[in-house]
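Colleague: Mind looking over this structure? Questions follow.
The values are calculated or read from the model by the stated rules, or taken from the named source; none is laboratory data. Note that the coordinates shown come from a computational prediction; the quantities given were computed from them, not determined experimentally. Note that each Cβ is placed from the backbone with ideal geometry, even for glycine, and that neighbours are counted across all protein chains shown. The accessibility values were calculated without ligands, DNA or RNA, using every heavy atom of the protein model including side chains. Shrake-Rupley method; radii C 1.70, N 1.55, O 1.52, S 1.80 Å.
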Amino acid sequence: MDNLFPAPVANFADLLLDAVCMVDASGQFVFASVACERIFGYTPEEMQGRVMIDMVAPEDRARTLAAADDIMGGHPNLHFENRYVRKDGTLVHLLWSARWSDQHQLRVAVARDITAAKRAEATQAALYAISEAAHATEDLPQLFQHIHQIIGGLLPAACFAVGLHDECGDQLRFAYHADQHGPLPQSLLAHVMGEEVRRLGRPLLLDPADLAPLPEALRSAAGLSPHCWLGVPLTTSQGPLGVLLLQGQGEHAYTDRDRDLLLFVSTQVATAIQRKRMHAQLRFMAQHDELTRLPNRRLFHDRLDTAFARAQRQQGRLSLLFIDLDKFKLVNDEYGHDCGDLLLKEVAWRIQACVRESDTVARIGGDEFVVILENVGSPDHALVVKDKIHQALSVPVALAERGSLSIEASIGVAHYPDHGADTLQLLRHADNAMYASKAQPAPV
């Protein structure tokens, strides 16, 4: 190599910030400048004799070999990018300029470290993707799945967890805890680490090789896992929101740079979560009764249309119950609207307790409630539910200092397909049946 690359020229190459490499036809390094140690982590002496492709990131090897063949075929490449695995196991992004010397049977290449630029580019793309996900996803679980994928493209994330403060702000509730295959049970380590990040209000890096500075509870929990963890707080302009946790892959150890990157991205994550929560709250308010938290008239009609279409498609049955509280106006007049509101909330709770989770209970007016029963085997099923509601409402309602109050209700029932070929006919029949029930004399 001395004749090929005289000492003055070699010394000049060592002055360059970019790495100068030479690879023979078999793919082995025969020369590496001093800058290689800064970029690859190996000294020039350590690189000589190493097989080039073994140092390339596995995902980039196929196209690197294809580019090498093209260069050896006489086509220089001035802008080839790939990733190499450094001596410490981390990845470095490189921009190569390379050509083939037919005279010396060598590939001569210059490599520039563009890792910082690539990281900045990926970070900017991730911030944009997180913002887009806040608009495109339907709910928080779907948003968390997207954020998991986005951050997984920046940092190793074998496990990804999001803990949100409860209503009192005293504890964390893990709204998402998953790996690349799907949801996972919440781990003790994630819980303990999340609480510690919440308490400190700052990032926390957990390396199994260095647990001494950590609190005893966290050291004990970390002893159960060989993996590195990284946690950062989620904070908005309105205050703390929760925490975000990552678990490394294999023996990968997070660095201070990884910590700073995740902390920077976490601001956009917190904003996305806050925005999605606000949208969910606004949507809930638009579709639910403020007092009882039951579906309102608009959501009831949406649910009824969907249930009716499903029953028609599956040739099934559904039943509709119209419920009207008897003499409710007298309750407001005699006891006041506060007691009336308390009674309505209690009635809503009792009706819900009489039906299945898949059924719909809605409040469509002052003291009017309606129930949609899907997949009923026969009309008798709806009559059983009707009797259960009567029994539940017959129990007096405690009104604090006002004592207790008994309430009665009139209930009308309609069945599909017996009482209507469309929702309008079904609603009319149930309404008429309710008024017919109200007109009957009370049992003695």
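Colleague: Are there any pairs with C-beta distances below 8 angstrom linking a residue in the range 96-122 that is touching a residue at least 40 places away in the same chain (Cβ under 8 Å) and exposed (fewer than 14 other Cβ atoms within 10 Å of the Cβ) to a residue that is small (Gly, Ala, Ser) and not in a helix (DSSP H, G or I), with the two at least 6 apart or on different chains, and if so which?
Modeller: Every condition considered, the pairs that remain are 105/25.
Colleague: Yes or no: residue 280 part of a helix (DSSP H, G or I) and assigned by TED's automatic domain parsing to the domain that holds residue 174?
Modeller: Judged against the criteria, residue 280 is a match.
Colleague: Quick one: in the range 123-135, which of the residues that are open to solvent by less than 90 Å² (accessible area, probe 1.4 Å) and polar (S, T, N, Q) is farthest from residue 35 (Cα to Cα)?
Modeller: The extreme case among them is 131.
Colleague: Another question, if that's okay. How about the range 367-399: which of its residues are open to solvent by 20 Å² or more (accessible area, probe 1.4 Å) and in contact with a helix residue (DSSP H, G or I) (Cβ under 7 Å, 6 or more places away or on another chain)?
Modeller: Within the range 367-399, 367, 374, 392 qualify.
To keep it simple, each residue is scored yes or no on (1) within 14 Å of residue 111 (Cα to Cα); (2) assigned to a loop (DSSP other than H, G, I, E, B).
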position	(1), (2)
66	no, no
89	no, yes
92	yes, no
96	yes, no
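Colleague: Taking residue 37, is it surrounded by 13 or more Cβ atoms within 10 Å (Cβ to Cβ), part of a strand (DSSP E or B) and under 41 Å from the mean Cα position of the chain (by Cα)?
Modeller: For residue 37, the condition - surrounded by 13 or more Cβ atoms within 10 Å (Cβ to Cβ), part of a strand (DSSP E or B) and under 41 Å from the mean Cα position of the chain (by Cα) - is not met.
Colleague: For the range 238-261: of the residues being part of a strand (DSSP E or B) and of a type outside the set (A, V, I, L, M, F, W, C), which is modelled with the highest pLDDT?
Modeller: 242
Colleague: Within the range 53-79, which residues are of a type in the set (A, V, I, L, M, F, W, C), out of contact with any Ser or Thr (no Cβ under 8 Å at 6 or more places or on another chain) and open to solvent by less than 50 Å² (accessible area, probe 1.4 Å)?
Modeller: Answer for the range 53-79, where residues must be of a type in the set (A, V, I, L, M, F, W, C), out of contact with any Ser or Thr (no Cβ under 8 Å at 6 or more places or on another chain) and open to solvent by less than 50 Å² (accessible area, probe 1.4 Å): 55, 57, 67, 68, 71.
Colleague: With respect to residue 353, determine if the residue is within 26 Å of residue 286 (Cα to Cα) and loosely packed, with under 12 Cβ neighbours inside 10 Å.
Modeller: yes
Colleague: So for the range 251-263 (the condition being under 17 Å from the mean Cα position of the chain (by Cα) and open to solvent by less than 20 Å² (accessible area, probe 1.4 Å)), does at least one residue qualify?
Modeller: yes
Colleague: Right, another one. Restricted to the range 82-95, and to residues that are among the charged types (D, E, K, R) and exposed (fewer than 15 other Cβ atoms within 10 Å of the Cβ), which residue is farthest from the chain's Cα centre (by Cα)?
Modeller: Checking each candidate, the answer is 87.
Residue-by-condition table, conditions (1) surrounded by 14 or more Cβ atoms within 10 Å (Cβ to Cβ); (2) within 18 Å of residue 372 (Cβ to Cβ); (3) touching a Leu at 6+ places or on another chain (Cβ under 6 Å):
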residue	(1), (2), (3)
406	no, no, no
422	no, yes, no
430	yes, yes, yes
433	yes, yes, no
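Colleague: Kindly evaluate residue 323 against the criterion of being outside the structural domain of residue 125 (by TED's automatic domain parsing), among the β-branched types (Val, Ile, Thr) and either open to solvent by less than 70 Å² (accessible area, probe 1.4 Å) or within 30 Å of residue 148 (Cα to Cα) (or both).
Modeller: yes
Colleague: For the range 154-203, which residues satisfy the criterion of being touching a His at 6+ places or on another chain (Cβ under 6 Å), under 23 Å from residue 217 (Cα atoms) and in contact (Cβ under 8 Å) with a residue 60 or more places away in the chain?
Modeller: 160, 161
Colleague: Which of the residues that make up the range 158-174 are hydrophobic (A, V, I, L, M, F, W, C) and in contact with a helix residue (DSSP H, G or I) (Cβ under 6 Å, 6 or more places away or on another chain)?
Modeller: 160, 161, 162, 172
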